[in-house]
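See structure below.
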Amino acid sequence: MKSYSEARIELRRMEEACRLNCRHLKIIDRQIIAAAERMTIPDRNKVRQYGRHASTWTNADERHYRDCIDAVFESRRAEVEALRRKIERQTAAINLLRRRLGINEPAPAIPHIVSG
């Protein structure tokens, strides 16, 4: 049996690994959004901007952007799902160790991806 201090060190290591995976999932999310923007912007019709802060995006542009996000997400679905499952397993293990140690710190939030 590990001592309490060794278990606390193990808990910190597990939490850091989970945070790194959550960070990686957020990076993938940003990459998906950036790729969809790169796909959408050259394809959209150029329209005049009438107000100083008026948006030039039409409803059709927004639908095309959403379709691009879905397409990019589909191409990376396996990677995203594997990372989500890993984060869920890590979170469950962290919560179990916290219960064993009697630590009532809040669990790290699991991020979500834009589409899915």
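A few comments on the model shown:
- Among residues other than ALA78 with Cβ under 12 Å from its Cβ, the summed charge is +1 (Lys and Arg +1, Asp and Glu -1).
- Distance in nm between pseudo-label sites at ARG38 and ASP70 (7 Å out along the Cβ direction from Cα): 2.2 nm
- The 3J(HN,Hα) values that the Karplus relation (6.51, -1.76, 1.60; θ = phi - 60°) gives for segment 25-38 are, in residue order, 5, 5, 5, 4, 4, 5, 5, 4, 5, 5, 5, 5, 5, 5 Hz. Gly and Pro appear as x.
- Per-residue accessible area (protein heavy atoms, 1.4 Å probe) orders ARG100, ARG84 as ARG100, ARG84, starting from the largest.
- The P(r) of segment 56-100 has a tail past 14 Å containing 66 percent of all C-alpha pairs.
The values are calculated or read from the model by the stated rules, or taken from the named source; none is laboratory data. All values reported here derive from a predicted model rather than from experimental measurement. As a convention, Cβ positions derive from the backbone with ideal geometry for all residues, glycine included, and neighbour counts pool all protein chains shown. The accessibility values were calculated without ligands, DNA or RNA, using every heavy atom of the protein model including side chains. Shrake-Rupley method; radii C 1.70, N 1.55, O 1.52, S 1.80 Å.
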